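Only one structure is covered here, and it is reproduced in the block below.
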Amino acid sequence: MSIAALVVAAGRGIRAGGDGPKQYRHIGGEPMLTRTLRALLDHPAVTLVQPVIHPTDGALYEEASAWIVDQRLHSPVFGGETRQASVRAGLDALISHNPEKVLIHDGARPFPGTALIERVISAVAPGRAAFPALPVVDTLWRTRDAVVQTDSKRDGLWRAQTPQGFRFAEIHAAHAAADPQATDDIAVIRTAGHQAHVVMGDETNFKITTPADFTRAETHLRSIMDVRTGNGFDVHAFAPGNSVTLCGITVPHDRSLKGHSDADVGLHSLTDAIFGALAEGDIGQWFPPSDPEWKGAASHIFLEKAVERAAARGFRISHLDCTLICETPKIGPHAEAMRAEVARITRVDPGRISIKATTSERLGFTGRGEGIAAMATATLVSG
């Protein structure tokens, strides 16, 4: 089954204040829209995500999407003058993919959990749309000029959220015939004669509309402990020379390591481990070996970038572990210096840095003395 997610992010968000569209303002160190897109990509059943943006927001979107490395995230399409026009543009962009189901989600709701998304997907059926909502529990009053007139019954009233789920063919046809001023996709599908069912929403899936909502979002993020683990592995072959650079330390040796940069397998593996924990690709994507800028570069530059990205995403490095695999040179005499250097580069307490070494018992390319390998693990914690 193919399930597309359509993220509507073409609005201006004037009520939120600030200098630009609210969906690109940062919460927890990254653009709100980045969090929204990633939340949908986190659900394994979502096969593609189609953003819809304002025609003037191309540069802002490029910045927001640069944080995500996922082939399921498709290039954005431009929205129209109304929400209905923007949704239609997104649905039209999905025609060639012909998904069975589609989720339509507000770009300003950055916290839809996977369980909530699953409830919506599971409830969609032929002739039946689904959306998350919360029951109204507060007493409701009608007023005129701030004077109470009468109370309103709250029985059967729900506060709608997104993502709203549909059979793609049904919602596409419904929007093709819809009033251009329609503001709600559930209303559009019901006008077309289909049912809509409610599934339980989530209080954390709130829409960011006002300045106070940004404060609420920051508070929500601080209440969540997100623990990430990433792994890195790197290999470099020996070449003529008189020293090798390992974990930032120059170690005398009868050969050097061959590579586009300084071939520091230790720092390379640590860098990849951090990028892996962030799900932001690998060192080759950030620093392509085809780019002459990185010819002979010191590898601390790569590790510093990974540390910078972790901080920008609201993570701190809890622990780094690196194992160097080689027959020679001997790592033990230099391990403490390497540990101190990695701590300096990453600004992490040395007690959270582990540098160790092993041999491959003279097996394989490391055993034959053809090169050095390194494997690393990084643990990141939000907050």
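The values are calculated or read from the model by the stated rules, or taken from the named source; none is laboratory data. Just so it is clear, the model here is predicted, and its values are computed rather than measured. FYI the Cβ positions are ideal-geometry reconstructions off the backbone, even for glycines, and counts take in every protein chain you see. Ligands, DNA and RNA are stripped out before the accessible areas are found, and what is left, the full protein with its side chains, is counted by its heavy atoms. Shrake-Rupley method; radii C 1.70, N 1.55, O 1.52, S 1.80 Å.
Laid out as a table, the results:
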item	result
Candidate set from region 90-100 (those that are open to solvent by 20 Å² or more (accessible area, probe 1.4 Å) and either free of Cβ contacts under 8 Å to residues at least 40 places away in the same chain or not in a loop (DSSP other than H, G, I, E, B) (or both)); member that is nearest to PRO180 (Cα to Cα)	ASP92
Test result for THR271, modelled with pLDDT of 95 or more, open to solvent by less than 10 Å² (accessible area, probe 1.4 Å) and farther than 22 Å from PRO333 by Cβ	yes
Near pairs, Cβ below 9 angstrom, 6+ apart or cross-chain, from region 336-350 (without any contact (Cβ under 8 Å) to a residue 40 or more places away in the chain) to any residue that is part of a loop (DSSP other than H, G, I, E, B) and open to solvent by 60 Å² or more (accessible area, probe 1.4 Å)	ALA343/ASP349
Sole exception among (1) under 26 Å from the mean Cα position of the chain (by Cα); (2) open to solvent by 10 Å² or more (accessible area, probe 1.4 Å); (3) in contact (Cβ under 8 Å) with a residue 60 or more places away in the chain for GLY165, by number	(2)
Residue among PHE233, PHE206, PHE214 that alone is of a type in the set (A, V, I, L, M, F, W, C), open to solvent by 50 Å² or more (accessible area, probe 1.4 Å) and either farther than 20 Å from LYS295 by Cα or not in a strand (DSSP E or B) (or both)	PHE233
Positions within region 137-156 being outside any strand (DSSP E or B) and more than 28 Å from GLU170 (Cβ to Cβ), in sequence order	VAL137, ASP138, THR139, ASP145, ALA146, LYS153, ARG154, ASP155
Region 208-220 residues that are within 13 Å of HIS26 (Cα to Cα), paired with ones that are basic (Lys, Arg) and not in a helix (DSSP H, G or I) (beta carbon under 9 Å, 6 or more apart)	ILE208/ARG25; ILE208/ARG109; ASP213/LYS207; PHE214/ARG25
Residue in region 126-134 that is within 22 Å of the chain's Cα centre (by Cα) and not in a helix (DSSP H, G or I) present	no
Residue under evaluation ILE317, criteria (1) at pLDDT 90 or above; (2) assigned to a helix (DSSP H, G or I), criterion not met	(2)
Criterion: hydrophobic (A, V, I, L, M, F, W, C), at pLDDT below 95 and either out of contact with any Lys or Arg (no Cβ under 7 Å at 6 or more places or on another chain) or open to solvent by 10 Å² or more (accessible area, probe 1.4 Å) (or both) - qualifying residue of VAL69, VAL52, VAL87	VAL69
So ILE186, is it part of a loop (DSSP other than H, G, I, E, B) and either touching a residue at least 24 places away in the same chain (Cβ under 8 Å) or at positive phi (or both)	no
Failed item in (1) assigned to a helix (DSSP H, G or I); (2) over 30 Å from the mean Cα position of the chain (by Cα); (3) among the aliphatic types (A, V, I, L, M), with LEU221 passing the rest	(2)
Enumeration of residues in region 74-113 that are closer than 19 Å to ILE3 by Cβ and among the hydrophobic types (A, V, I, L, M, F, W, C)	VAL77, VAL87, LEU91, ALA93, LEU94, ILE95, VAL102, LEU103, ILE104
Residue in region 48-69 that is more than 29 Å from ALA177 (Cβ to Cβ), part of a strand (DSSP E or B) and not aromatic (Phe, Trp, Tyr) present	no
Breaking point among (1) more than 22 Å from VAL227 (Cβ to Cβ); (2) touching a residue at least 40 places away in the same chain (Cβ under 8 Å); (3) surrounded by fewer than 24 Cβ atoms within 10 Å (Cβ to Cβ), for PRO288	(2)
Matching residues in region 177-201 - criterion: being under 25 Å from ARG12 (Cα atoms) and open to solvent by 60 Å² or more (accessible area, probe 1.4 Å)	ASP179, PRO180, GLN181, THR183
Some residue of region 358-374 being touching a residue at least 12 places away in the same chain (Cβ under 8 Å), open to solvent by less than 60 Å² (accessible area, probe 1.4 Å) and within 30 Å of GLY29 (Cα to Cα)	no
